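Taking it in order: structure first as structure tokens, then the write-up.
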Amino acid sequence: LWQESYTVSLWEKCFEELLEYKETFGNCNVPVPYKIGPELGEFVRTHRILYGQKKKGINDLLSDEQLDRLEKVGFCWEVKGAVKQEDRNCNSDGDDEARDYIWNIKLGELCEFQSLHGHMDVPSGNRNLFQ
């Protein structure tokens, strides 16, 4: 019984973090991995897997209530097309979702840099943020 209530409270905590992410970024497309909030990235990844398993009848670990709540906030169940390395330049035409995904990743990396260094003056030699 205590484990079930812990699981429910953990789910609620992650769901609240997802709502905060949506308020910040305007969507629920949390990058996986998400360096700023690894638990949120894992929550998103796990729920996409559970959704796929539920659709195939493999398991029912994702409750209908959880599914409904996630859908009501605009949760994206499937990532449409992997972002290729060459798309990182954001030059592909018409692929707004991929551009948004990359932008969110880079914004997260910039925020992480800022929290570590106390500023956003990223040196041009930083290959991670200047790809």
Which pairs do you get when a residue that is surrounded by 10 or more Cβ atoms within 10 Å (Cβ to Cβ), found in the range 118-131, comes within reach of a residue that is at pLDDT 75 or above and part of a loop (DSSP other than H, G, I, E, B), reach meaning Cβ atoms under 7 angstrom, with the pair 6+ apart or on two chains? LEU129/VAL122; PHE130/SER124
Scanning the range 8-23 for residues that are without any contact (Cβ under 8 Å) to a residue 40 or more places away in the chain and over 12 Å from the mean Cα position of the chain (by Cα), which turns out farthest from LEU61 (Cα to Cα)? GLU23
Consider the range 45-60. How many of its residues are hydrophobic (A, V, I, L, M, F, W, C) and modelled with pLDDT of 90 or more? 1
Based on this model, can you work out whether GLU86 counts as at pLDDT below 90, surrounded by 16 or more Cβ atoms within 10 Å (Cβ to Cβ) and either acidic (Asp, Glu) or in a helix (DSSP H, G or I) (or both)? no
All-but-one check, PRO33 against (1) closer than 30 Å to SER115 by Cα; (2) modelled with pLDDT of 90 or more, failing number (2)
I'd like to check something: does the range 70-77 contain any residue that is exposed (fewer than 11 other Cβ atoms within 10 Å of the Cβ) and either closer than 25 Å to LEU110 by Cα or at pLDDT 80 or above (or both)? yes
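The values are calculated or read from the model by the stated rules, or taken from the named source; none is laboratory data. Given the structure is predicted, the values throughout are model-derived calculations rather than measurements. Quick reminder, even Gly has a Cβ in these numbers, built from the backbone with ideal geometry, and neighbours come from all protein chains shown.
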